[in-house]
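Q: I have a structure I would like to understand better, so I am pasting it below and will then ask my questions one at a time.
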Amino acid sequence: MKRQEIKAQLLKSQLVALRAQMNPHFLYNVLNTVQGLVYGNRKTEAGELLGNFSDLMRKTLQASDKQLLSLQDEIDNLRLYLELEKARFDGGFDYHINLVNLDDLSFVYVPSLMLQPFAENAVKHGLMHKKGDKEVLIQFEKEVEGLKVIIDDNGIGRVNSMEINKRSKNKPFSFATVALNERMNLFNSLYKQKITCRIIDKVDEMQQPLGTRIELLIPDYTHDPDAL
């Protein structure tokens with residue numbers, strides 16, 4: 001496939017990724033949570049939630065026509081998304097975003113619309129059916145090879161999640177995952193440096209699931225004249 005054809009496919013994949021992140025199920029859940037807060041006379045919380053929702057929609061639309069986004073913008077988007085999901089969880093969950101060997105986030109770039117689906121999988125497939133403390137760790141670390149991204153949850157694990165989805169009549173279609181894989185493949189076709197992705201199923205000494213850990217290595221695209 002020629003470079004221009006890949007760029008055209010990448011632009012199309014951004015629209016697919018946008019559709020995945022603004023799917024009706026997500027919008028309905030947020031608005032349903034807002035409605036519940038209003039009915040419970042928790043108007044301040046409802047207002048904050050609507051503000052986060054508005055900011056995320058605006059930022060997502062702004063990112064939809066960009067191949068790359070600054071890490072600062074991506075972290076802002078992740079915080080907004082996680083706050084929205086946290087608000088509709090019974091008892092909530094904890095999340096932490098750590099930075100290692102990173103100073104000015106405005107000059108570190110990541111593919112747009114690519115990291116939220118990983119966070120979404122951690123929340124919906126890892127934490128949603130877990131009892132007890134729920135936690136997601138997202139870490140960004142500057143390495144010689146590029147930016148290492150870790151998305152680590154202490155959820156029920158992929159095997160248990162797949163079993164639950166099989167039994168569910170309304171099991172979610174992995175549309176976001178399909179869109180995500182396509183975008184990674186297109187980026188890797190367009191640039192010499194490749195995005196790598198490793199999925200680790202965490203288990204204890206009895207081989208019982210302890211959650212899922214995603215390790216991504218995103219190249220430094222600032223040295224590619226066609227990237228920015």
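Q: Please work out the FRET efficiency for the pair GLN4 and ASN41, using the Cβ-Cβ distance as r and a Förster radius of 45 Å; give the result to the nearest 0.05.
A: Working from the Cβ atoms, E equals 0.20.
Q: Additional query: Pairs of Cα atoms under 8 Å, at least six residues apart: use those to get the relative contact order of the chain, whole percent.
A: Numbers: 331 pairs, mean separation 47.8, N = 228.
With pairs under 8 Å counted, the relative contact order is 21 percent.
Q: Report, in listed order, any pair from LYS59/LYS124; LYS86/LYS124; LYS86/LYS166 with a Cα-Cα distance greater than 18 Å.
A: LYS59/LYS124; LYS86/LYS166
Q: Go ahead and estimate [θ] at 222 nm for the chain from helices alone: -39,500 (n - 2.57) per DSSP H run with n ≥ 4, summed, over the residue count, rounded to 500. Mind showing how you got there, number by number?
A: Details: 7 runs with 106 residues, N = 228.
The per-residue figure over the chain is -15000 deg cm²/dmol.
Q: LEU50 to GLN72: FRET efficiency via 1/(1 + (r/R0)^6), r the Cβ-Cβ distance, R0 25 Å, to the nearest 0.05?
A: Calculated value: 0.60.
Q: Using a Förster distance of 25 Å, how high is the FRET efficiency between ARG79 and ASP201, based on the Cβ-Cβ distance and rounded to 0.05?
A: 0.40
Q: Of the listed peptides 39-51, 196-208, what is their order by residue-averaged count of other C-beta atoms within 10 Å, with the highest listed first?
A: Details: 39-51: 13.2, 196-208: 10.8.
My ranking of the peptides, most packed first, is 39-51, 196-208.
Q: Still on this model: If the reach is capped at under 14 angstrom between alpha carbons, list the aspartates and glutamates near LYS192, excluding any in the same chain fewer than eight residues apart.
A: Qualifying aspartates and glutamates at Cα under 14 Å: GLU145, ASP220, ASP224, ASP226.
Q: With Rg and the Kirkwood Rh both taken from Cα atoms, where does Rg over Rh land for the chain?
A: 0.97
Every number in this text was worked out from the coordinates using simple rules, so none of it is lab data. Everything numeric here is computed off the predicted structure, so don't read it as measured data. Note: ideal-geometry Cβ built from the backbone for every residue, glycine included; neighbour counts use all protein chains shown.
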